[in-house]
Each structure stands twice: as structure tokens, then as C-alpha cells.
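Engineer: Here it is, the structure in full.
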Amino acid sequence: YPSEFLMQKITEDNQVPVHLHVSVSLQYVAGLKGRALVEFFHSNIAEVENEELRHLMWSSVLFYKTPNVEVMACVLLSTKAIYFVLDDSFIHADEHQSDFWNKENSDCENSSFHLSCCFVLKLNDLQSVNVGLFDQYFRITGHSADHIVTCLTRDSYNTHTFIQQLMAVLSLLARTPSPEPVDKDFYSEFGSKTTGKMENYELIHSSRVKFIYPNEEEIGDLAFLVAEKMDGLTNLPSLNILLYVLAFQVNHVEGSAQNTSSLQPKTLILTSSDLFLFDEDYISYPLPEFAKEPPKRDKYQLADGRRIRDLDRVLMGYQTYPQALTFVFDDVQNQDLMQNLTLDHFGE
């Protein structure tokens, strides 16, 4: 251990997304290759001597305790735990984190020593994994509010690869087998007698960790919500969600040294007639078992919505992935101006 193939794969995966800024300490991690990367893991991160590094992924992450702070992390999967090496700016991003992150090394701040904190979720504490719509993100749930993390991969391939690797590692865990299930028919298996709704599709792994995937009703609920936001202007049966993607909205910051741009996480939903941007809560839903009350905000909050027929042009950047798109809409104050004029002029 480790094999040449694994070292090559981990080296290839060790690339920070170009559009996201990371601290100096994480840039150091991103610069490591092959054996140096494995040695770094064993000497700085690994908690047990005989654990093996199996997978590496760069992703934005959200914590249940701090749902408004999205931070870049290097996610390392070993045979014992999932490690999140976090950007050191995260500690200062939210004043409510003092009890969540015990910052003892504050004397290092002003020196040339760059500190990163590492959040550890042991595989034995893992209870469930919720995969988001179209594999754009996934949420890992442990036994308490401190142990809930969402990885916003914004990439179905990365999500799929991590889930496959996680299942393979979980298969190595020695856990007592679950009791034999009582045979159930289809309706008692999937139907909830209280609501009559289909439950989400669950796969219970041999390690007793649940892998929960969204079912078709989630798209139906989303279509209904989108139709509500359109103030009944559309016919719900004909409303189809053509695209759901986690993206960033670019806000240019004027007046700085160089005109920088800040990236605001948004959920983009395209229907046959409209383009929507939503602020989505990726961490609170579905509610964890220990939650005493519903989250403070809805899962989807409309940020912006425009009709496709008002779209004037789409500007495409020339850079490779991730691609920048600019949507230019006709800025007409009264959208139904022509229709109203016609009625006034020709109507009785």
C-alpha cells in the first residue's frame, strides 16, 4: 500500500476548482502529488496508524450548525473516517461558531504558520447519506447536529464517484448484522399510512448505513412550487422542469483594487416558459430524526424569475469548465403592455 494506480488517481483528483478561492494552507495541500500526498495524510490527518486513504475530492461544504456559511474543503475518505480539511477563514466567518470550533491556536494567526482545521466524521458514527436532486450534492448524517455535513459537489460525476467509494469502504466495516426483516408487501414497504405519500427510495447498505435517493414526487413538488411562484400564469400540468443545476450568480464588486466578483450560490431551474434562481437550503431537509422544530426558512426561496420570451440574448464565456453564461433580458416594466393596449383600443 498504496498502489501506483491509487496514487495516480488521488493526484489527478487533487485539483482545486479554478473559480473558488482557497487559503494558503489549502493551496499547499493542493500542490502535493503522489507519495507526498499520502505521507501528508498519514503524518498530519490520519488518526489510526493502519488506515488507508481511498479517495480525495475537493468540494464546497455546509454544516448543519452554520447553514449560511459555505466553505471550501479537501474531503479525504479513508477506511476509518471521512476528513474535511477546511479553509482557515471558516473559523472567523460566523461568530456563532465559538462552541462548534474550539480555536485554541489563536497565537498562530499573525505568524507565517498557516492553520487549517480538520473536521472528522468516523465511519462507525455514520447513519445515513441523502443524495440531492440529479446528484448535484449529498448530505452525510451522523448521530447529532454536529455530525451533519452537506457536500455541494455541483457535479453528478463527483457525487457518484464518492458514493461508490464510500459504499466500498463501508463494506469493510465489521458491524453486527441487522435482524432479518419481516416480509412486507409493496404498499406497507413504501407507503406511509398517515400521509399516503410515497417515501424516498432507500438503500440500506450491509453496514446498516442508509443511502436515500429522491423519488419522482420531489420533482412534482418542485414543479408545484415553481408554478406557485409564477402567480398562476401557467398551466401546471404542462409545466415541465427541464433543468435543475446548482450554480453561482456572479456579482461584480465595483471600486475594489481590481474589479473582483463574488459568487453567490444559487439553484437554477429552467422550465419550458421561465428561468428561475432560488436560494435553496441544502442542509436542513429532510429533517434529521433529532430535530425538535422545522428549520427557520423554507427549502426553496425565490431569488429571481424571468420569462424565456423576454430573453434577448445569451453571452457565453470562452473559458473551459466552469462556463460563464450571461442572460440578457428585455427590461420591460409592464410585461403585458401590448395585450392591454389591444384590449383598450379594440375592446368595448
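The values are calculated or read from the model by the stated rules, or taken from the named source; none is laboratory data. Remember, it's a predicted structure, so these values are computed and weren't measured experimentally. We place every Cβ from the backbone using ideal geometry, glycine too, and count neighbours over all the protein chains shown. Quick note on the areas: whole protein, heavy atoms, side chains included, nothing else; ligands and nucleic acids left out. Shrake-Rupley method; radii C 1.70, N 1.55, O 1.52, S 1.80 Å.
Results for (1) in the same structural domain as LEU287 (by the TED database); (2) at pLDDT 95 or above; (3) among the aromatic types (Phe, Trp, Tyr), shown as yes or no for each residue.
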| site | (1), (2), (3) |
| --- | --- |
| PHE138 | no, yes, yes |
| VAL149 | no, yes, no |
| HIS160 | no, yes, no |
| GLN165 | no, yes, no |
| ASP183 | no, no, no |
| SER188 | no, no, no |
| THR194 | no, no, no |
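Engineer: Could you say which residue among VAL61, VAL85 is among the β-branched types (Val, Ile, Thr), under 25 Å from LEU287 (Cα atoms), at pLDDT 90 or above and under 20 Å from the mean Cα position of the chain (by Cα)?
Structural biologist: Step by step, each of VAL61, VAL85 is checked, and only VAL61 is among the β-branched types (Val, Ile, Thr), under 25 Å from LEU287 (Cα atoms), at pLDDT 90 or above and under 20 Å from the mean Cα position of the chain (by Cα).
Engineer: Return the residue satisfying two criteria in turn: it lies in segment 138-170 and is of a type in the set (Phe, Trp, Tyr) and either open to solvent by less than 20 Å² (accessible area, probe 1.4 Å) or in contact with a Ser or Thr (Cβ under 6 Å, 6 or more places away or on another chain) (or both), and of such residues it is nearest to THR79 (Cα to Cα).
Structural biologist: Among residues in segment 138-170 that are of a type in the set (Phe, Trp, Tyr) and either open to solvent by less than 20 Å² (accessible area, probe 1.4 Å) or in contact with a Ser or Thr (Cβ under 6 Å, 6 or more places away or on another chain) (or both), the one nearest to THR79 (Cα to Cα) is PHE162.
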